[in-house]
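Engineer: Please see the structure below; I have some questions.
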Amino acid sequence: MRFSAGSPLALTMLLLLGAAPALQAQSSPAPASAAGIYSCIDDQGRRITADRPIAGCSAKEQRILNRDGSLKTVYPPTLTVDERAEKEAAERKAAEARAAQADAVRRDRNLLARYPNEAPHRKAREAALDTVRVAIKASEKRLQALEAERKPLLDEAEFYIGKTLPPKLRAQLDANDAAASAQLEAAISQQAELERVTRLYDAELARLKQLWSGAAPGSMGPLPAPGGAAPLASGASNLKASTLR
């Protein structure tokens, strides 16, 4: 049977022939195992398989198999909100521990590079302590000077016992008190710094002795920070007592 190129029947046949591949593609489902075969053991001990994640095993680990039965990957269980928060907290804690360990290794290596033996460490300790000692001496001298300046003011004030002090004398005494208090606070802070530096170098030396003996960098954990309040120096305590008399 022949059809003319422009006849309605010929056009209809051409349209049907063109649509056939598309219709065939729509009617042919994709193979179920294209993404893999999901397998798990349910709460009753039965093995379940499917071509998609198994809802009844959402809280369990699901194995994804290739078409030949070999393991392709593992589909993790779906976590609850609390479980997810707990997992994230554990991961953060583990990451912080790894970072602390890496920092301890780095610090130990830096200590060994800076102090290959005790001599340079001792020298560094004395240099750090000398800086603070100089400041302490300066504060003590200033406090002694302020105490010396206060004595004639107190002697003059004895003439006004039971009376109002002259404004100038009152101002001088107040200024001396303020300067002495400020200097005393500086001396106390400097003494605290002296003891902090001492504790720091003591802790470093104890750690270095282990490193010099062959301990692996980072094996002793992080270097503890020197803490604790330092007591007042005996010199500062004596000066405080004499200043407040």
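Engineer: I'm told Glu96 meets every condition in (1) more than 27 Å from the chain's Cα centre (by Cα); (2) surrounded by fewer than 11 Cβ atoms within 10 Å (Cβ to Cβ) except one. Can you identify the failing condition by its number?
Structural biologist: (1)
Engineer: Would you point out which residue out of Arg63, Arg107, Arg114, Arg122 is surrounded by 13 or more Cβ atoms within 10 Å (Cβ to Cβ), of a type outside the set (Phe, Trp, Tyr) and modelled with pLDDT of 95 or more?
Structural biologist: Arg122 is the lone residue from the list that is surrounded by 13 or more Cβ atoms within 10 Å (Cβ to Cβ), of a type outside the set (Phe, Trp, Tyr) and modelled with pLDDT of 95 or more.
Engineer: Does Val81 qualify as being more than 30 Å from Gln191 (Cα to Cα), of a type in the set (A, V, I, L, M), within 28 Å of the chain's Cα centre (by Cα) and open to solvent by 70 Å² or more (accessible area, probe 1.4 Å)?
Structural biologist: Considered against the rule, which asks whether it is more than 30 Å from Gln191 (Cα to Cα), of a type in the set (A, V, I, L, M), within 28 Å of the chain's Cα centre (by Cα) and open to solvent by 70 Å² or more (accessible area, probe 1.4 Å), Val81 comes out as yes.
Engineer: Condition check: over 30 Å from Leu205 (Cβ atoms) and buried (at least 17 other Cβ atoms within 10 Å of the Cβ). Does Gln183 satisfy that? Show your work before the answer.
Structural biologist: Values: over 30 Å from Leu205 (Cβ atoms): yes; buried (at least 17 other Cβ atoms within 10 Å of the Cβ): yes.
Yes, satisfied.
Engineer: Taking the options Ala89, Ala138, name whichever one is in a helix (DSSP H, G or I), more than 30 Å from the chain's Cα centre (by Cα) and more than 30 Å from Gly214 (Cα to Cα).
Structural biologist: Residue meeting the stated conditions: Ala138.
Engineer: If you check Arg199 against the conditions, is it open to solvent by less than 80 Å² (accessible area, probe 1.4 Å), within 30 Å of Arg109 (Cβ to Cβ), basic (Lys, Arg) and more than 26 Å from the chain's Cα centre (by Cα)?
Structural biologist: Answer is no for this residue.
Residue-wise test of (1) among the hydroxyl-bearing types (Ser, Thr, Tyr); (2) open to solvent by 50 Å² or more (accessible area, probe 1.4 Å); (3) modelled with pLDDT of 95 or more; (4) within 32 Å of the chain's Cα centre (by Cα).
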site	(1), (2), (3), (4)
Ala175	no, yes, yes, no
Leu205	no, no, yes, yes
Trp212	no, yes, yes, yes
Met220	no, yes, no, yes
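The values are calculated or read from the model by the stated rules, or taken from the named source; none is laboratory data. Just so it is clear, the structure is predicted and the values come from calculations on it, not from any experiment. Ideal geometry is used to build each Cβ from the backbone, glycine not excepted, and the neighbour counts take in all protein chains shown. Each accessible area value is taken on the protein alone, full model and side chains, heavy atoms only, with ligands, DNA and RNA left out. Shrake-Rupley method; radii C 1.70, N 1.55, O 1.52, S 1.80 Å.
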